[in-house]
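To start, the structure under review is shown below, and the notes come after it.
The values are calculated or read from the model by the stated rules, or taken from the named source; none is laboratory data. What you see is a predicted model, and the numbers here were worked out from it, not measured in a lab. Every residue, glycine among them, receives a Cβ derived from its backbone with ideal geometry; neighbour counts consider all protein chains shown.
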């Protein structure tokens with residue numbers, strides 16, 4: 001991801017982003033199989049797009065510069081926030097924000113949703129730290145109402 005961010009050219013037309021899977025958790029029970037997948041990538045969206053609401057998907061700003069998107073009956077929760085890494089163009093912070101996606105693949109209803117929602121704040125903070133985001137964004141302990 002660092003290489004991709006450092007190759008970012010604000011005047012280029014690169015709309016592809018590699019998706020990385022830093023972790024996957026699973027648990028099996030008598031009547032339950034639950035899997036949580038986490039993906040991280042640089043967003044094709046910009047912070048300007050998120051702030052003006054000019055995108056087709058509804059996102060909620062849960063803290064300053066921290067946006068949440070829910071899909072697939074709330075089984076997929078995405079956090080989008082700025083993350084500038086060293087050695088990149090100044091525009092990278094707002095034009096190439098970070099996405100951390102938690103996906104619960106089981107049919108566990110609210111329990112599966114709470115697993116993704118519970119782990120997502122920590123995953124976002126750890127991803128910012130691991131990437132070395134300059135001026136990391138403050139991520140609340142709870143991202144969903």
#### Entry: Conditions (1) within 15 Å of the chain's Cα centre (by Cα); (2) at pLDDT 90 or above: number failed by residue 103
(2)
### Task
Determine if region 44-52 includes at least one residue that is assigned to a loop (DSSP other than H, G, I, E, B) and either at pLDDT below 85 or in contact with a strand residue (DSSP E or B) (Cβ under 6 Å, 6 or more places away or on another chain) (or both).
no
### Query
Do we find a residue being under 21 Å from residue 131 (Cβ atoms) and either out of contact with any helix residue (DSSP H, G or I) (no Cβ under 6 Å at 6 or more places or on another chain) or at pLDDT 70 or above (or both) anywhere in region 28-35?
no
### Task
Assess whether residue 62 counts as being closer than 16 Å to residue 137 by Cβ, in contact with a strand residue (DSSP E or B) (Cβ under 6 Å, 6 or more places away or on another chain), buried (at least 19 other Cβ atoms within 10 Å of the Cβ) and modelled with pLDDT of 85 or more.
no
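Could you say whether any residue in region 3-15 is part of a helix (DSSP H, G or I), at pLDDT 85 or above and buried (at least 19 other Cβ atoms within 10 Å of the Cβ)?
Yes: region 3-15 contains one or more residues that are part of a helix (DSSP H, G or I), at pLDDT 85 or above and buried (at least 19 other Cβ atoms within 10 Å of the Cβ).
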### Task
Could you figure out which of (1) assigned to a strand (DSSP E or B); (2) at pLDDT 85 or above isn't true of residue 22?
(2)
### Query
If you go through region 56-68 one residue at a time, how many are farther than 11 Å from residue 144 by Cβ and out of contact with any helix residue (DSSP H, G or I) (no Cβ under 9 Å at 6 or more places or on another chain)?
5
